[in-house]
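Worksheet for the structure shown next.
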Amino acid sequence: DNPVCLTVEWRDPARDANAAEALRRWEGGTTGVPLIDAAMVQLKEVGWLHHLLRHVVACFLTRGQLWIDWEAGRNVFDRHLLDADWAINSANWMWLSATSFFYTYHRVYST
């Protein structure tokens, strides 16, 4: 539990086999959604994504389609981004998942 974050009942890949498979497909760029897949393949092959693609894949993973814990996405980005910075990456994932800093769901990107 993080006292800074809004508590959300995310799907936890460590405890949910379906969430683990969805996370694996998201990271591997095999979700079946062309924009998400292209962005995740670029992340793995190049180590960089434009900030708007970072937003799109983060929203898809968290409150858009997959409803998976933002920390799982942060960990994937930490592994693959050449410009990874743990503090900035964590703050961006909290913001984009609407769990901290900006709680107004309807005003954050919708998918």
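In the chain, once you exclude exposed chymotrypsin sites (Phe, Trp or Tyr not before Pro) (DSSP loop, at most 16 other Cβ within 10 angstrom), what's the longest stretch remaining? Can you show the working numbers first?
Values: sites that count: TRP48, TRP67, PHE101, PHE102, TYR103, TYR109.
Longest run free of exposed loop sites: 1-47.
For the chain, set up a Gaussian network in which alpha carbons nearer than 10 Å are linked by springs, and say which option among ASP37, ASP83, ASP12 fluctuates the most.
Result for the chain, Cα springs under 10 Å: ASP83 fluctuates most.
Quick one: Karplus J couplings for the stretch 74-87, per residue in order, coefficients 6.51, -1.76, 1.60, θ = phi - 60°, nearest Hz, x for Gly and Pro?
4, 5, 5, 4, 4, 6, 9, 6, 5, 9, 4, 9, 4, 5
Please list 3J(HN,Hα) in residue order for the stretch 9-14, calculated via the Karplus relation 6.51 cos²θ - 1.76 cosθ + 1.60 where θ = phi - 60°; whole Hz, with x for glycine and proline.
These are the phi-based 3J(HN,Hα) values: 7, 5, 6, 9, x, 6 Hz.
Collect residues whose amide H, placed 1.01 Å from N in the peptide plane, falls under 5 Å from the amide H of ARG11; neighbours closer than 5 in sequence don't count.
Answer set, sorted by chain and number: ILE68, ASP69.
Rounded to the nearest 500, what is the 222 nm mean residue ellipticity of the chain from helices alone, with -39500 (n - 2.57) per DSSP H run of 4+ residues and division by all residues?
Details: 5 runs with 56 residues, N = 111.
Estimated from H runs of four or more residues: -15500 deg cm²/dmol.
Within the stretch 1-74, report the GluC sites (Glu not before Pro) that DSSP leaves as loop and that have at most 16 other Cβ atoms within 10 Å.
Numbers: sites: GLU9, GLU21, GLU27, GLU45, GLU71; in loops: GLU9.
Here the GluC sites (Glu not before Pro) that fit, given the DSSP loop and packing criteria, are GLU9.
How are the alpha carbon pair distances in the chain distributed across 5 Å bins from zero to the largest one, expressed in percent?
2, 13, 24, 27, 20, 11, 2, 0
No lab work stands behind these numbers, since they all come straight from the coordinates. The structure displayed is predicted, hence computed values, not measured ones. Neighbour counts are summed over all protein chains in view; Cβ atoms, including those assigned to glycine, are modelled from backbone coordinates with ideal geometry.
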